[in-house]
Amino acid sequence: MLPPVGRFAPTPSGRMHLGNVFAALIAWLSVKSRGGSLVLRMEDLDTQRTSEEYARVLRRDLRWLGLDWDLETPAQSTRSAVYQQYFEQLADLGLLYPCYCTRSQLHSVNAPHLSDGTYVYPGTCRNLTPAQQAAFDRKPAWRVQVPDKLWTVEDKLQGTYKENLATDCGDFVVRRADGVYVYQLAVTVDDGEAGVTEVVRGMDLLSSAPRQMYLQERFGFPHPEYGHVPMLMAPDGRRLSKRDKDMDLGYLQDHTTAEKLLGLLAFSCGITDKCQPISACELAGEFSWEKLQKADICLDITPILG
Ligand code: GLU
């Protein structure tokens with residue numbers, strides 16, 4: 001068996017918060033505990049919200065945690081020409097069509113809404129004639145047609161997750177009307193080209209895996225393994241997010257140490273049975289997917305603030 005290749009793909013739109021730290025830690029431990037390597041990639045497709053300054057701070061934060069990487073692949077904002085080649089492959093397969101639906105049309109359709117706030121696209125623009133397309137005087141987004149087929153994700157942690165893209169998602173956008181390629185396409189291309197064999201990230205992205213598996217097949221990339229880690233919740237039951245300023249690494253670096261933080265995370269998710277300071281390297285010796293808890297994790301950080 002070849003050593004695994006994992007990846008950490010943060011969006012540099014602010015300081016890392018504990019949810020990001022946790023996903024990075026598990027991605028790192030999973031490969032490092034088996035002699036594998038980790039690829040770092042900045043997901044900065046949204047150039048309005050992201051910056052090189054945040055990317056620099058992110059790298060510094062990862063080093064502070066002791067989570068090193070073997071290779072950093074080019075940031076997504078620099079890769080539009082590459083994404084275009086894959087977009088053209090889909091076009092050559094006859095799978096793309098322009099979509100002129102406006103945001104308000106999309107939200108008013110009688111399609112069922114999914115739990116993550118998205119909706120099933122009903123295929124409104126799938127069969128427009130060239131004359132109907134020409135009648136719109138705005139630039140279209142481009143959607144890829146999805147087959148009526150059940151996709152099965154065998155997740156390392158969450159077990160079996162199934163989705164039929166035709167009924168659970170619908171044809172999805174791969175390039176926005178402003179020409180920006182979307183996350184689903186970029187992530188598939190980047191993971192595939194980097195030879196990533198396992199994708200470890202937050203549970204909120206589990207429902208993206210079937211779309212990515214579909215694109216992997218179209219592009220001829222093997223499917224990676226998946227491990228979607230639980231979300232971290234504050235003691236009052238809220239999901240931790242970038243809005244919780246006191247949970248970001250800027251604050252935490254002033255109030256605790258990396259070892260205390262890793263020790264708390266490792267204990268809270270089930271990797272260790274005592275809450276005590278520990279380094280990332282030491283944790284690699286303790287890690288196994290079997291120990292990891294799959295339900296959301298309630299985290300109380302007060303005991304490690306000093
Ligand atoms: N860029 C995404 C984030 O920061 C992660 C995407 C992924 O891991 O596939 O939440």
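The values are calculated or read from the model by the stated rules, or taken from the named source; none is laboratory data. None of the values given here were measured: they were computed from a predicted structure. Positions of Cβ are generated from backbone atoms using ideal geometry, with glycine treated the same way; all protein chains shown enter the neighbour counts.
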Per the filter on region 141-169, residues surrounded by 15 or more Cβ atoms within 10 Å (Cβ to Cβ) and either at pLDDT below 95 or within 29 Å of W289 (Cα to Cα) (or both) are W151, V153, D155, K156, L157, Q158, Y161, E163, L165, D168, C169
Residues in region 153-177 that are hydroxyl-bearing (S, T, Y) and either within 12 Å of the ligand (Cβ to nearest atom) or closer than 27 Å to F22 by Cβ (or both) total 2
For region 186-239 the number of residues that are over 28 Å from G270 (Cβ atoms) and among the charged types (D, E, K, R) is 5
Would it be correct to say that D296 is surrounded by fewer than 18 Cβ atoms within 10 Å (Cβ to Cβ) and closer than 22 Å to L206 by Cβ? yes
Tell me yes or no: at least one residue of region 178-187 is more than 16 Å from the ligand (Cβ to nearest atom) and either touching a strand residue (DSSP E or B) at 6+ places or on another chain (Cβ under 6 Å) or over 30 Å from D300 (Cβ atoms) (or both). yes
Can you tell me which residue in region 190-206 is farthest from L2 (Cα to Cα), limited to those that are within 12 Å of the ligand (Cβ to nearest atom) and part of a helix (DSSP H, G or I)? D204
Members of region 207-226 that are more than 13 Å from the ligand (Cβ to nearest atom) and of a type in the set (K, R): R218
Could you figure out which of (1) out of contact with any Ser or Thr (no Cβ under 8 Å at 6 or more places or on another chain); (2) farther than 18 Å from V82 by Cα; (3) touching a residue at least 24 places away in the same chain (Cβ under 8 Å) isn't true of H223? (3)
Failed item in (1) modelled with pLDDT under 95; (2) within 16 Å of the ligand (Cβ to nearest atom); (3) among the basic types (K, R), with K245 passing the rest: (2)
Among (1) in contact with a strand residue (DSSP E or B) (Cβ under 8 Å, 6 or more places away or on another chain); (2) touching a residue at least 24 places away in the same chain (Cβ under 8 Å), L58 falls short only on (1)
